[in-house]
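Colleague: I have a structure I would like to understand better, so I am pasting it below and will then ask my questions one at a time.
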Amino acid sequence: MQLSRLGELSLLLVAMLTIMVGAALAPGLHTVAEGLGVSSYAPLLITLPALGAIIFAPLFGKLIDRIGARTTLLISLWGYFLLGAGGAFLYGPWQIAIDRIILGGFAAGLMAAGTAVISQWYQGPARLNMIAKQGMAIELGGVVFLFIGGLLSELSWQAPFLLYVMGLLCAILTVFFVPRRKTAEMPEDDNAADSSNTSSMGPVVLFTILAMSLFFSFIISLPGFLADLQYSEAQTGYVLSFISLVAVFSAMAMPKMVTRFSVKYTLAISFLTYAIGHLLFAFSSVNTTIILASLFAGIGFGFSIPLLNHSTVEMSNSRNLGRNLSLFAMAVFTGQFVTSILEFIPLDHGKIFLVCAGLAVLCSIAVVNKKAAS
């Protein structure tokens, strides 16, 4: 029995929701914040879901291992829909903060449970290809939902919340097109694997945090950096969208990179491309260099995050899959959350890019030396 095309599409739509948790409100952020009565805390509408994901991911990991991935996915989708769309009817800092934090928890749940369901339906190279598609869907979701969110924000400050209805659509699609299935083949020596896999997740978690931090450093730093170069907000949006599009196609090519260079060296290459992207931005002043830097930035994401996600599944067994995927989800959202400190570092954008480039090079060396995720 194989998953149908509609079932596969359902799981890819679920993946798109993870990036939408913040992107839905980003284009009209200040207008939405004013409508919700949190004008002074507008950036928190974007960052609080990441904090919620970090807090609640372990809970959803336990749910996956105890009640199953598909059931946990449906719970997460319903919670995502209700907390996301319902946020339009709340008002005031405390109500909004609680809503966004819990919403982030459900986003972590659907990320971990969605990957767990994929691991049950796909094995070997097919699993790697599907997880690569999942990475593509996440980045494509960023492009699509930023665009649609911008259009909706022009209609009304509440209109962008309609995007969270996608959670309900995905829940319906999952019910009808993603049947319940027992966990696919994984290591059977659970007692041995349980302890070894827990310790081996350390490097994967660390490199996931670093990879996401290096990627989101572009998202945080580029608006101010490009504004200094006289780029308009629309032009800045084009650059960020281009990075996401490159990430989509890079994730598509990632399985071929693994076949040719191995997991370890593909991950090392991803950090090197991050380093090149940051270096080029540090010394950019013309469009050609900025386009080239954006190209390397997108490649870094496409080669790293989907690969680390697949590595998490590969090193898991039937007893700790949920726990390991929750750790991965925590790492992804931690990487997003920690980049918020960049706005408080007393360095200009060029120096921040140089620091990130140096960190990326060190990560690449560490991957090769420690054989992380290999």
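The values are calculated or read from the model by the stated rules, or taken from the named source; none is laboratory data. Being a predicted model, the structure only gives us computed values, none of them experimental. Note: ideal-geometry Cβ built from the backbone for every residue, glycine included; neighbour counts use all protein chains shown. Accessible surface areas use protein heavy atoms only, side chains included; no ligands, DNA or RNA. Shrake-Rupley method; radii C 1.70, N 1.55, O 1.52, S 1.80 Å.
Colleague: Summarise the accessible area of the chain (1.4 Å probe, protein heavy atoms) by the percent that is carbon and sulfur.
Modeller: Working: 10900 of 15960 Å².
Roughly 68 percent, rounded to a whole number.
Colleague: If you don't mind, another one. Restricting everything to alpha-carbon atoms, can you work out Rg to Rh for the chain with a Kirkwood hydrodynamic radius? Please list the in-between numbers first.
Modeller: Values: Rg = 19.6 Å, Rh = 20.6 Å.
Result for the chain is an Rg/Rh of 0.95.
Colleague: Please work out whether segment 229-362 counts as rounded, prolate or oblate from its C-alpha gyration tensor, where a ≥ b ≥ c are the square roots of the eigenvalues and a/c under 1.5 means rounded, while otherwise a/b larger than b/c means prolate and anything else oblate?
Modeller: On the way: a/c = 2.07, a/b = 1.61, b/c = 1.28.
Since a/c reaches 1.5 and a/b is larger than b/c, the shape of segment 229-362 is classed as prolate.
Colleague: Kindly identify segment 119-183 as rounded, prolate or oblate by the Cα gyration tensor criterion: order the square roots of the eigenvalues as a ≥ b ≥ c, call it rounded if a/c is under 1.5, otherwise compare a/b with b/c, prolate if a/b is larger, else oblate. Mind dumping the intermediate values first?
Modeller: Details: a/c = 5.49, a/b = 1.85, b/c = 2.97.
Cα axes put segment 119-183 in the oblate bin.
Colleague: If R0 is 25 Å, what FRET efficiency do you get for residue 59 and residue 180 from their C-beta distance, rounded to 0.05?
Modeller: Numbers: r = 22 Å, r/R0 = 0.86.
Calculated value: 0.70.
Colleague: In what sequence, highest mean first, do 22-29, 278-285 appear when ranked by Cβ atoms within 10 angstrom? Present the calculation step by step, with values, prior to reporting the outcome.
Modeller: Numbers: 22-29: 22.6, 278-285: 19.1.
Result, highest mean Cβ count within 10 Å first: 22-29, 278-285.
Colleague: Considering only C-alpha atoms, what is the centroid distance from segment 321-374 to segment 224-279, in Å?
Modeller: One Cα centre to the other: 14 Å.
Colleague: Testing the spin-label approximation: label points 7 Å from Cα along Cα→Cβ at residue 241 and residue 42. State their distance in nm.
Modeller: In this crude label model, residue 241 to residue 42 measures out at 2.1 nm.
Colleague: Per Stokes-Einstein, at 37 °C and 0.692 mPa s, what whole-number D in µm² s⁻¹ belongs to segment 1-121, with the Kirkwood radius over Cα pairs as the hydrodynamic radius?
Modeller: Values: Rh = 14.8 Å.
In µm²/s, the coefficient is 222.
Colleague: Hey, can you find the accessible area per residue of segment 47-114 for me, probe 1.4 Å, expressed in square angstrom?
Modeller: Values: 2630 Å² over 68 residues.
Accessible area per residue, segment 47-114: 39 Å².
Colleague: Show me 74-87, 293-306, 249-262 ranked by packing, highest mean number of other Cβ atoms within 10 Å first. Intermediate results must be reported in sequence, preceding the final value.
Modeller: Details: 74-87: 21.5, 293-306: 26.6, 249-262: 17.5.
Answer by packing, highest mean first, reads 293-306, 74-87, 249-262.
Colleague: Quick one: give the max-minus-min coordinate of the C-alpha atoms of segment 56-139 along each principal axis, largest first, in Å.
Modeller: Taking max minus min along each principal axis of the Cα atoms, segment 56-139 gives 49, 30, 17 Å.
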